[in-house]
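None of the figures in this text is laboratory data; all of them are computed from the coordinates on show. Just so it is clear, the model here is predicted, and its values are computed rather than measured. Glycine gets a Cβ as well: all are built from the backbone with ideal geometry, and neighbour counts include every protein chain shown.
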Number of protein chains: 2
Amino acid sequence: MIDKLIKNIQEKNAPIVVGLDPMMNYIPEHIQKAAFEEYGETLKGAAEAIWVYNKGIIDATYDLIPAVKPQIAMYEQFGIEGLIAFHKTCAYAKEKGLVVIGDIKRGDIGSTSTAYAVGHLGKVKVGSKAFAGFDEDFVTVNPYLGTDGVKPFVDVCKEENKGIFVLVKTSNPSSGEFQDKLVDGRPLYELVAEKVVEWGNECMGDTYSNVGCVVGATYPEMGKVLRKLMPKTYILVPGYGAQGGKAADLVHYFNEDGLGAIVNSSRGIIAAYKQDKYASFGEANYAEASRQAVVDMIADINGALGK
Amino acid sequence: MIDKLIKNIQEKNAPIVVGLDPMMNYIPEHIQKAAFEEYGETLKGAAEAIWVYNKGIIDATYDLIPAVKPQIAMYEQFGIEGLIAFHKTCAYAKEKGLVVIGDIKRGDIGSTSTAYAVGHLGKVKVGSKAFAGFDEDFVTVNPYLGTDGVKPFVDVCKEENKGIFVLVKTSNPSSGEFQDKLVDGRPLYELVAEKVVEWGNECMGDTYSNVGCVVGATYPEMGKVLRKLMPKTYILVPGYGAQGGKAADLVHYFNEDGLGAIVNSSRGIIAAYKQDKYASFGEANYAEASRQAVVDMIADINGALGK
């Protein structure tokens, strides 16, 4: 699957991913109103609004971008109905040729991680049949439980040609609280990075591994070190834009082949119409504002990369 | 919510929780057959089988136990239908007076953790209304992202009188890979434990905090140390029985008041009928086998505690 992601990135000349993390207050009034008129102010109404909003953004941007990254929490908060919207969003993005990175940050003991891996990347057996529960292309994985919590995901990736991104250094302010702690003089995230390489060696694509990692845009010095520690690991980079990461900071997340990193923006794209810069599109044209924000983000990052 | 859990534990004299982690191969043939006849060999058929199986176990044990701990991965692997069975299981257990600990091991950056907390412990706003998505009483939380990933859960616990159990030292074989690494001469899990105390001070019940932790039964020496580091923290203890933890090992997870720990058993209870010891019940009477396994587990643990 990493090969497909790289192909998409190269064809579109866009090392970016759009984070589909819908919040109700991002969703234009007219979409909410229509959904609530049909289903009432209910979880189903909210889920319908999210789905219509997402579809608009996908339709307006899919020709420019290689991938989307729906954050499952933003759907899960609306219970079953929200998760139906998550599932529909993933399926629709795939129909449009996009790679779907499910930002699910799961991770548990072995047999439980197997269940998550099967549910999100593989197929679950029911009697004599097998079904895909959610069917993303990649998911994000939390490494706190160690190898036996991550390996079941790698095993399913091998069987199904899927991929994962393991959290190494997250973008949030307190990520350092545990991740930066020094172990024999080296930060914990470097030890996790070494394990990522080990897990990834088992599951290589043509040039990069199907086991990628997450390193936040907000810690560029660490990104530089981690890039070198994990030469064949694709880095999923959250934290660009709204969280404070700048394109110039991200150059060192890439390898000399111009590959090796994919930068996420969520609210900067999907709620672009709320920024002064894109306000002229108006709320009704939120999807066109998102499209322009994608164009600008690609130019910003490719500019920094000298492409 | 910790006060309600303690009340349930005391009333039933049973510091245990039944892990509702259904696997298809645990579910008796007659239940699978009936579900597949009604819904076919589909995700819905599997979900129906899980629900009927769970209901049988709850009906046969609810008067003996304080709580259940459904592991969401075992439902999530069946997609939306599986999660509907999870939701129904949680609601039914609550109807029967049980405390529901959602074993979800979520954790993300701040705004995303808020969404998880709202979806599982709180209420999400939809227009002028608010709805509970999954509505567990407690959930398990992964601390790898640090304070700003955990605090949103604590905030919702305060608002809604709910609780969490933060992973400190997990029961799996490779949990030590990162959790045991020495930071200034002390294992990382102790640093996490100190943070658990800090987070928990903000959200106290009468004698214990609504912020508990997870420490595996498989590491009793560490449990002994952690008990002392976190005197007012309830410890959720997985790993008893099938994973190898013994009652005698668990004594030091409890405080002198006889409280402070709740021991989980999943497959040892829910698939008891598959053990030689309970085979005489037969597959048709799987729920009665589970009841007997609960009786035996309570006696085993209370025996070790000298109760």
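Could you please let me know if A:Glu202 is touching a helix residue (DSSP H, G or I) at 6+ places or on another chain (Cβ under 8 Å) and surrounded by fewer than 17 Cβ atoms within 10 Å (Cβ to Cβ)?
It is true that A:Glu202 is touching a helix residue (DSSP H, G or I) at 6+ places or on another chain (Cβ under 8 Å) and surrounded by fewer than 17 Cβ atoms within 10 Å (Cβ to Cβ).
Conditions tested, residue by residue: (1) outside any helix (DSSP H, G or I); (2) of a type in the set (Lys, Arg); (3) farther than 22 Å from A:Lys4 by Cβ.
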position: A:Lys88; (1), (2), (3): no, yes, no
position: A:Ala93; (1), (2), (3): no, no, no
position: A:Lys105; (1), (2), (3): yes, yes, yes
position: A:Lys125; (1), (2), (3): yes, yes, yes
position: A:Glu136; (1), (2), (3): yes, no, no
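Every residue in region B:1-40 that is part of a helix (DSSP H, G or I), more than 13 Å from chain A (Cβ to nearest Cβ) and in contact with an Asp or Glu (Cβ under 6 Å, 6 or more places away or on another chain), please.
Scanning region B:1-40 gives a single hit, B:Asp3.
Could you list, in sequence order, all residues of region A:84-133 that are at the interface with chain B (Cβ under 8 Å from one of its Cβ atoms), surrounded by 24 or more Cβ atoms within 10 Å (Cβ to Cβ) and in contact with a Leu (Cβ under 8 Å, 6 or more places away or on another chain)?
Scanning region A:84-133 gives A:Lys105, A:Gly107, A:Asp108, A:Ile109, A:Ser113, A:Val126, A:Gly133.
Kindly indicate whether B:Ile72 is within 13 Å of chain A (Cβ to nearest Cβ) and either surrounded by fewer than 23 Cβ atoms within 10 Å (Cβ to Cβ) or under 13 Å from the mean Cα position of the chain (by Cα) (or both).
Values: within 13 Å of chain A (Cβ to nearest Cβ): yes; either surrounded by fewer than 23 Cβ atoms within 10 Å (Cβ to Cβ) or under 13 Å from the mean Cα position of the chain (by Cα) (or both): yes.
When the stated conditions are applied, B:Ile72 passes them.
This table checks each residue for (1) closer than 20 Å to B:Val99 by Cβ; (2) free of Cβ contacts under 8 Å to residues at least 12 places away in the same chain; (3) touching a Leu at 6+ places or on another chain (Cβ under 6 Å).
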site: B:Lys4; (1), (2), (3): yes, no, no
site: B:Pro15; (1), (2), (3): yes, no, no
site: B:Asn25; (1), (2), (3): no, yes, no
site: B:Phe36; (1), (2), (3): no, no, no
site: B:Val52; (1), (2), (3): no, no, no
site: B:Lys55; (1), (2), (3): yes, no, no
site: B:Ile58; (1), (2), (3): yes, no, no
site: B:Ile65; (1), (2), (3): yes, no, no
site: B:Lys69; (1), (2), (3): yes, no, no
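Checking A:Glu160 against (1) of a type in the set (D, E, K, R); (2) at the interface with another protein chain (Cβ under 10 Å from one of its Cβ atoms); (3) within 21 Å of the chain's Cα centre (by Cα), which single condition isn't satisfied?
(2)
What number of residues within region B:293-307 are more than 13 Å from B:Lys246 (Cα to Cα) and not in a helix (DSSP H, G or I)?
The qualifying residues number 2.
Scanning for something under 19 Å from the mean Cα position of the chain (by Cα), among the hydroxyl-bearing types (Ser, Thr, Tyr), under 21 Å from B:Asp3 (Cα atoms) and surrounded by 16 or more Cβ atoms within 10 Å (Cβ to Cβ), does region B:246-253 turn up at least one residue?
The answer is yes, given that some residue of region B:246-253 is under 19 Å from the mean Cα position of the chain (by Cα), among the hydroxyl-bearing types (Ser, Thr, Tyr), under 21 Å from B:Asp3 (Cα atoms) and surrounded by 16 or more Cβ atoms within 10 Å (Cβ to Cβ).
Could you pull out the residue among B:Lys94, B:Lys123, B:Lys88 that is under 29 Å from A:Glu29 (Cβ atoms), out of contact with any Ser or Thr (no Cβ under 9 Å at 6 or more places or on another chain) and of a type in the set (Lys, Arg)?
B:Lys123
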